[in-house]
Amino acid sequence: MKLKKIAAFAITSFLCLNSLNISFGEEIEILTVEKAVEKAIKYSKTLKGYEEENLVNNDKLSRVKLNFSTSGEVEQISNLAIQLKELYAQLEKNKLSASDEKELIEYSVFSFFINVIKAENNLKLYNEELQLKSKKLEISEVKLKYGRISKNDYENEQLEYSNLLKQKGELENSITDAYISLNKVLGTDLNTKYILDLGEEISYNYIGDVDLNSKIAIAIDTDSTIKSQKNTVDIAKYSLNLFTSETQNNTHSAKLAEYNQNLRTLEDEKTSLKENIIKNYNEIIKNENEYKSNSAELENMKNQLKIKELNLKLGKTTEIEVEEYKYEISKLENTVKEQVYDHELLVRKFENPTLL
């Protein structure tokens, strides 16, 4: 399934350039996923490490090839042949690992974007709740004045409001933490903030019928970690086949044990990948069932809101009760939005099991 582009986040209507001028001349950069991924790949210490290691291995490869061509001793030829296979395998492993790392960086950056957006949305929802609680407290103050509620009930509401105010700092910290995680992979100042642009609006597409066994078989056949372990098994087998008691210090049983251990590791990695794919698939199905249920409930609540607004005009309900109901709708809308984001992350993993 082709990867979908995701909804743009909070770009205000008056924004028409590549940055937003705010107070005191400060500018906030508009950051797209593509630009962030480019920065992260350029900064990645892991990718630099693979490049440096390959330079060293290529030098080693040249020396081993030279020694191999000039060697005349059976033991030395055997050892050099194994070294050649090991170096070629390591170069191939680094190439595959670098490719996987780039895909992981892209996924991680996208995930960090989502975490920031979630944190921002939760703060917005919190402010709605805070405003609603403030109005209710004002109403309760009037009720207390006329003896319609007890002083104890009013003080409990005050305490609830006070505790709610204290939570704002925690939510603001969650936004800061989300930006820190993003800035770490970008290699920029940890306190940098952005206007995050995720692209076009997302559509929630159900995963549909899936041949899970076929999916697992393809993943096992193409997974880079499993490919690298297969190479390790091949090298261990090659080393075992070259073994002679006259030319090797190790015992035959040690070579055989090494081969069998690597073979078991290969099977363990296949099993682990299979389990991760099944778990990921089950999480997608769970998300889709909950999304379907919440979407139906949201539609029902919106229909009920029309009735409540009509009752308000008829004097059968109060304004604060309608506002409370609207807030409950906002909460459910936020839940549904988060499920859309979570579903996208899960599907990306399902499409590319390397990310699991």
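The values are calculated or read from the model by the stated rules, or taken from the named source; none is laboratory data. Quick caveat, the model's predicted, so the values are computed rather than measured. When the accessible area is computed, the model is the full protein with side chains, heavy atoms only, and any ligands, DNA or RNA have been set aside. Shrake-Rupley method; radii C 1.70, N 1.55, O 1.52, S 1.80 Å.
Restricting to Cα atoms and excluding each atom paired with itself, what does the Kirkwood estimate give for region 141-218 in Å?
18.6
Greater than 19 Å separation of Cα atoms is the criterion. Which listed pairs, Lys143/Lys326; Lys124/Lys166; Lys48/Lys95; Lys124/Lys292; Lys306/Lys337, meet it?
Lys143/Lys326; Lys124/Lys292; Lys306/Lys337
Give the Rg/Rh ratio for region 205-287, taking Rg as the radius of gyration of the Cα atoms and Rh as the Kirkwood radius, to two decimals.
We get a ratio of 1.22 for region 205-287.
For each pair in Lys45/Lys331; Lys45/Lys286; Lys118/Lys274, compute the distance between the two Cα atoms and list the pairs where it is over 32 Å.
Distance filter (> 32 Å) returns Lys45/Lys331; Lys45/Lys286.
Probe 1.4 Å, all protein chains in place: accessible area of Glu172 in Å², nearest 10?
80
Restricting the calculation to Cα positions, tell me the Rg (one decimal) and the Dmax (whole number) of the chain in Å.
Final numbers for Rg and Dmax: 29.9, 107 Å.
Give, in nm to one decimal, the length gained when the segment between Leu66 and Glu141 is fully stretched (0.36 nm per residue of separation minus the Cα-Cα distance).
Gain in length upon complete extension: 18.0 nm.
As a check on your grasp of the helix formula, calculate [θ] at 222 nm for the chain: sum -39500 (n - 2.57) over DSSP H runs of n ≥ 4, divide by the residue count, round to the nearest 500.
-27500 deg cm²/dmol
Taking the alpha-carbon distance from Lys39 and a cut-off under 12 Å, which aspartates and glutamates remain once sequence neighbours fewer than 8 residues away in the same chain are dropped?
Here the aspartates and glutamates satisfying the reach criterion relative to Lys39 are Glu106.
How long is region 215-345 along each principal axis, judged by its Cα atoms, biggest number first, in Å?
Cα extents, longest axis first: 102, 23, 16 Å.
Projected area of region 62-153, taken from the Cα convex hull and averaged over every viewing direction, in nm²?
Reported value for the Cα convex hull: 11.7 nm².
Rolling a 1.4 angstrom probe over the protein heavy atoms, how many square angstrom per residue are accessible across the chain?
61
Can you return the aspartates and glutamates within cross-link range of Lys308? Criterion is Cα-Cα under 19 Å, with same-chain partners fewer than 8 residues away left out.
Leaving aside aspartates and glutamates fewer than 8 places away in the same chain, those within reach of Lys308 are Glu297, Glu299, Glu319, Glu321, Glu323, Glu324, Glu328, Glu333.
Whole number please: convex hull volume per residue of the Cα set in region 61-116, in Å³?
Value for region 61-116: 66 Å³ per residue.
Can you check how the C-alpha radius of gyration of region 261-325 compares to 2.2 N^0.38 Å, as a plain ratio?
In units of the 2.2 N^0.38 Å rule of thumb, it is 2.28.
At 1.4 Å probe size, with the rest of the protein present, what percent of the exposed accessible area of the chain is carbon and sulfur atoms?
49
Just the Cα atoms of region 176-239, one point each, no solvent: what log10 I(q)/I(0) does Debye give at q = 0.19, 0.20 Å⁻¹?
Reported log10 I(q)/I(0), two decimals: -0.83, -0.84.
In whole percent, what relative contact order does the chain give with Cα contacts below 8 Å and a gap of six or more residues?
26
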